[in-house]
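Report on one structure; see the data block that follows.
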Amino acid sequence: MALTQKQTRWLLLTPAGLWYAALLLLPLAVVLIFSFGERNAVGGYAPGFTFEQYANLPARFAAFRNTMTLAPLGTLAALLIAYPLAYFLAVKVSSRWKTTLLVLVIVPFWTSILIRSYAWIFLLGGRGIPALFDWVGIEGVRLINTPFAVLIGIVYGYLPLMVFPIYVALEKLDKQLLEAAADLGTPPWRSFLQITLPLSMPGVLTGTMLVFILLMGEFLIPAILGGGKVFFVGNALVDLFLQSRNWAFGSAVAVALVVIMLIVVTLYGRLARRFSVGRDDVGLM
Amino acid sequence: MTDESTPISRKKFLEELRRYEKGSVTRRHFLGVTGLGTAMAVMSGAMPGLVSGRARAQELGDRAVLATWPNYHDPANFDLFTDETGVFTQVNVFGSNEEMLAKLQAGGSGWDVFVPTNYTISTYVEADLIEPLDISKLPNYDAKAFQARFADAGTIDGTVYAVPKNWGTTGIASNSNHTGGVVDSWKSFFDGARDQWTGRAMVHDYQLTTIGNALVYFGHSFNSVAPNELADAEKLLIDVKPHLFAITSDYQPGMRNGDAWLTMCWTGDGKQLNSDMPEIGFALGKEGGEIWSDYYAIPKDAPHREAAYALINYLLTPEVNAREALAHGYPVADSRTNALLPEELLDDPILYPAAERLSALEFGAAATLTDPNRAELMARFKSA
């Protein structure tokens, strides 16, 4: 019994559709409704219709500012470290070692990010890296509970997510293009800029987008390595729901974060398309 | 409070504990001679038809989830409890009463026992989040043995909702190698944190104590909810924030590795730090601050209610409670337990500060828990 094309489409989309409707759209709708409500007397949510929560958003300006500074910085740092590594893995390594090295990139994922972030507390604390600096005569280095510590944690945690998309893009690169360029007397740096880099852009865009979006919602790494002082929007949300119990305001902050994220991602996608003229596979933005 | 009134003398109990810790006697021997075995027998007597540990386990379930505070138990006691009852205790640690309230309000916390502080219990009762305790299931709880001052917040309108765990104070721990002596006022704490100790001080991730002690700095009440006084506290806290090492209620690691030099500190943490590192001292702020008592309570939606009663009953056994106190260094209000503790612990100035110092302290007030201005002030301070 053959299925019609329409039936096939429904069959393919129903599981994901149900999943997203129940676990994404419905909760989002609840958050939207809550954001117009009020805080209950003992905390929590009281129904209402007010724009008060949105008017109060500037009270969390610092959290938005921290997120909007450290998320792009973290993404950029991860990109600068990941690209050479991905290039090395895709182009320079012999196929004998490739698999082993790729597995090594994934190995950190075998341990929970929570535990790995805790390990950084000791590395960045006074008896860790600062003690090494002390030993070579550079005194007074303070790392733990600073924005820099959070940046280190972020780059460490998200690096593999940046390496893989770039690796995949570089792996697909047709080496004949580079050989042809060399035959025609193009210096290597020029063929990198004119051939390799443009052709790897889809990977770069996927990687940066993936890391950036996750960083916008990050709360664990700042909480652990920022000592409660480096506050992301994610930390403000945790605080509003799990400490000060202002669900209405928390919902408004969450809606604001989603809106900002949509705007940034749309603009970035547009920009990306302009820089990769004529390439269809950037359409995944 | 004579030694004869207890099943085992103070001296004998401590000797047996040392022997057990050194491994020279077995756990079974230790349980037998210290009366812990008897305690278990009493417990099973209160739950008819339960004889052996494994048999009881079927009625009690295999686990109890305990929501408590950092560094507040002797882990070995939980192992003994598992040996005796087959119930594994899963411990969740929290740094503020607000966090606990938020979890219970959201529902589905999964907790069987939690440890609320005196001033929060009336709110839990009003919000219908905790259940009245069935005292018949807590044969080791003896109301008469407890000092009323540290026990009466558990009883609301004649109904017992919570039984006392420990009491204590919130003071200042400081490392004298760096602070040149004990820091004993909130004025020197907050002023020093912005000056000579910049980057070295910690405050709690907890509105009651962090805002409360900032209020005390100005001579206001620890419990104030007056908007103009809260504005003073906010100004001070925002001013101090860039100079802090951390905002956290789990401050022992920072103090121990030397990254931090002073912190807001609860009695037992002060005692634990002082025992291991004598250079770390503990003092109360002379302007005032907090005195508190903590309780065991059972949430309305506790999934393992029988295991919850068994666990509370076990932890209130004087012999078990004495081992808890030796491990965590918080004062106990139970005279039966104190009869088992060494004299030097009962004379310890960290646990039992001079009466005139204590009289300046205030118990937290229920209004501070639910006051929206204090909650939002704390959130603004953290996100600043």
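The values are calculated or read from the model by the stated rules, or taken from the named source; none is laboratory data. These figures come from a predicted structure and were not determined experimentally. Cβ placement follows ideal geometry from the backbone for every residue including glycine, while neighbour counts extend to all protein chains displayed.
Return the only residue of A:T186, A:T206 being free of Cβ contacts under 8 Å to residues at least 40 places away in the same chain and either among the β-branched types (V, I, T) or within 30 Å of A:G126 (Cβ to Cβ) (or both). I'd like the intermediate steps shown before the answer.
On the way: A:T206 fails: free of Cβ contacts under 8 Å to residues at least 40 places away in the same chain.
None of the other options fit; the residue is A:T186.
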Q) Across segment B:359-373, which residue is farthest from the other protein chains (Cβ to nearest Cβ) among those that are in a loop (DSSP other than H, G, I, E, B) and touching a residue at least 40 places away in the same chain (Cβ under 8 Å)? A) B:A360
Q | B:D83 vs. criteria within 14 Å of chain A (Cβ to nearest Cβ), surrounded by fewer than 22 Cβ atoms within 10 Å (Cβ to Cβ), outside any strand (DSSP E or B) and not polar (S, T, N, Q) | A | no
Q. Is one or more of the residues making up segment B:269-278 in contact with a helix residue (DSSP H, G or I) (Cβ under 9 Å, 6 or more places away or on another chain) and farther than 30 Å from B:N257 by Cβ?
A. no
(Q) Checking the conditions here, which among A:F164, A:F122 is more than 14 Å from chain B (Cβ to nearest Cβ) and among the aromatic types (F, W, Y)? (A) A:F164
Q. If you scan segment A:41-85, which residues turn out to be touching a Ser or Thr at 6+ places or on another chain (Cβ under 6 Å) and of a type in the set (V, I, T)?
A. A:V42, A:T75
Q: Considering every residue within segment B:209-219, establish whether at least one is surrounded by fewer than 19 Cβ atoms within 10 Å (Cβ to Cβ) and at pLDDT 95 or above.
A: yes
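Looking at B:A231, B:A193, which one is outside any strand (DSSP E or B) and either without any contact (Cβ under 8 Å) to a residue 12 or more places away in the chain or within 22 Å of the chain's Cα centre (by Cα) (or both)?
Going through B:A231, B:A193 in turn, the sole match is B:A231.
Listed residues B:E376, B:E356, B:E344; which is free of Cβ contacts under 8 Å to residues at least 24 places away in the same chain, within 14 Å of another protein chain (Cβ to nearest Cβ) and of a type in the set (D, E, K, R)? Working first, answer last.
Details: B:E356 fails: within 14 Å of another protein chain (Cβ to nearest Cβ); B:E344 fails: within 14 Å of another protein chain (Cβ to nearest Cβ).
Answer to the check: B:E376.
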Q. Within segment A:244-266, can you find the residues that are within 13 Å of another protein chain (Cβ to nearest Cβ), in contact with a Gly (Cβ under 9 Å, 6 or more places away or on another chain) and either without any contact (Cβ under 8 Å) to a residue 40 or more places away in the chain or of a type outside the set (A, V, I, L, M) (or both)?
A. A:S244, A:R245, A:N246, A:W247
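May I ask you to verify whether B:R323 is away from chain A (no Cβ under 14 Å) and either in a helix (DSSP H, G or I) or out of contact with any strand residue (DSSP E or B) (no Cβ under 6 Å at 6 or more places or on another chain) (or both)? Break it down into steps so the answer makes sense when it comes.
On the way: away from chain A (no Cβ under 14 Å): yes; either in a helix (DSSP H, G or I) or out of contact with any strand residue (DSSP E or B) (no Cβ under 6 Å at 6 or more places or on another chain) (or both): yes.
Spelling it out, B:R323 is indeed away from chain A (no Cβ under 14 Å) and either in a helix (DSSP H, G or I) or out of contact with any strand residue (DSSP E or B) (no Cβ under 6 Å at 6 or more places or on another chain) (or both).
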Q | Test set (1) under 18 Å from B:L351 (Cβ atoms); (2) within 13 Å of another protein chain (Cβ to nearest Cβ); (3) not hydroxyl-bearing (S, T, Y) - B:E234 fails condition number | A | (1)
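Yes or no: A:I213 in contact with a Leu (Cβ under 9 Å, 6 or more places away or on another chain) and farther than 30 Å from B:M255 by Cβ? Walk me through it before giving the result.
Numbers: in contact with a Leu (Cβ under 9 Å, 6 or more places away or on another chain): no; farther than 30 Å from B:M255 by Cβ: yes.
The answer is no for A:I213.
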(Q) Checking the condition in a loop (DSSP other than H, G, I, E, B) and surrounded by 14 or more Cβ atoms within 10 Å (Cβ to Cβ), which residue from A:F36, A:F64 passes? (A) A:F36
Q | Options B:G270, B:G254: the member that is assigned to a helix (DSSP H, G or I) and within 18 Å of the chain's Cα centre (by Cα) | A | B:G270
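So which of A:N66, A:N56 is in contact (Cβ under 8 Å) with a residue 40 or more places away in the chain, within 30 Å of B:L129 (Cβ to Cβ) and within 14 Å of chain B (Cβ to nearest Cβ)? Outline the logic, then answer.
Working: A:N66 fails: within 30 Å of B:L129 (Cβ to Cβ).
Matching residue, one of A:N66, A:N56: A:N56.
Yes or no: A:L225 crowded, with 18+ Cβ neighbours inside 10 Å, within 14 Å of chain B (Cβ to nearest Cβ) and touching a strand residue (DSSP E or B) at 6+ places or on another chain (Cβ under 7 Å)?
Working: crowded, with 18+ Cβ neighbours inside 10 Å: yes; within 14 Å of chain B (Cβ to nearest Cβ): yes; touching a strand residue (DSSP E or B) at 6+ places or on another chain (Cβ under 7 Å): no.
So A:L225 fails the test.
Tell me, yes or no, whether segment A:166-181 has at least one residue that is closer than 30 Å to B:W261 by Cα and under 18 Å from the mean Cα position of the chain (by Cα). I'd like the intermediate steps shown before the answer.
Residues of segment A:166-181 closer than 30 Å to B:W261 by Cα: none.
No: zero hits.
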Q) Quick one: would you say B:D259 is buried (at least 17 other Cβ atoms within 10 Å of the Cβ), among the acidic types (D, E), more than 14 Å from chain A (Cβ to nearest Cβ) and farther than 14 Å from B:D205 by Cβ? A) no
Q.
Within segment B:149-165, does at least one residue satisfy the condition of being in a helix (DSSP H, G or I), under 30 Å from B:A127 (Cβ atoms), touching a residue at least 12 places away in the same chain (Cβ under 8 Å) and among the aromatic types (F, W, Y)?
A. yes
Q) From the set of residues in segment B:179-190 that are touching a strand residue (DSSP E or B) at 6+ places or on another chain (Cβ under 7 Å) and either in a loop (DSSP other than H, G, I, E, B) or charged (D, E, K, R) (or both), which is surrounded by the most Cβ atoms within 10 Å (Cβ to Cβ)? A) B:V183
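Listed residues B:N228, B:N274, B:N313; which is of a type outside the set (D, E) and in the same structural domain as B:P132 (by TED's automatic domain parsing)?
Numbers: B:N228 fails: in the same structural domain as B:P132 (by TED's automatic domain parsing); B:N274 fails: in the same structural domain as B:P132 (by TED's automatic domain parsing).
Residue meeting the stated conditions: B:N313.
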**Q.** Number of the condition not met by A:T206 [criteria: (1) at pLDDT below 95; (2) within 14 Å of chain B (Cβ to nearest Cβ); (3) buried (at least 21 other Cβ atoms within 10 Å of the Cβ)]
**A.** (2)
Q) Is it true that B:G285 is small (G, A, S) and either out of contact with any strand residue (DSSP E or B) (no Cβ under 6 Å at 6 or more places or on another chain) or in a loop (DSSP other than H, G, I, E, B) (or both)? A) yes
Q: Would you check if there is a residue in segment B:203-215 being under 17 Å from the mean Cα position of the chain (by Cα), part of a strand (DSSP E or B) and either acidic (D, E) or not assigned by TED's automatic domain parsing to the domain that holds B:H73 (or both)?
A: no
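Kindly check whether there is at least one residue in segment B:165-172 that is within 16 Å of B:T248 (Cβ to Cβ) and either hydroxyl-bearing (S, T, Y) or surrounded by fewer than 17 Cβ atoms within 10 Å (Cβ to Cβ) (or both).
Taking segment B:165-172 first, the residues within 16 Å of B:T248 (Cβ to Cβ) are B:170, B:172.
Those still in the list that are either hydroxyl-bearing (S, T, Y) or surrounded by fewer than 17 Cβ atoms within 10 Å (Cβ to Cβ) (or both) too: B:170.
Scanning segment B:165-172, I find at least one residue that is within 16 Å of B:T248 (Cβ to Cβ) and either hydroxyl-bearing (S, T, Y) or surrounded by fewer than 17 Cβ atoms within 10 Å (Cβ to Cβ) (or both), so the answer is yes.
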(Q) Among the residues in segment B:125-133, are any at the interface with chain A (Cβ under 10 Å from one of its Cβ atoms), more than 25 Å from B:T248 (Cα to Cα) and in a helix (DSSP H, G or I)? (A) yes
Q: Within segment A:41-51, count every residue that is modelled with pLDDT of 95 or more and within 12 Å of another protein chain (Cβ to nearest Cβ).
A: 0
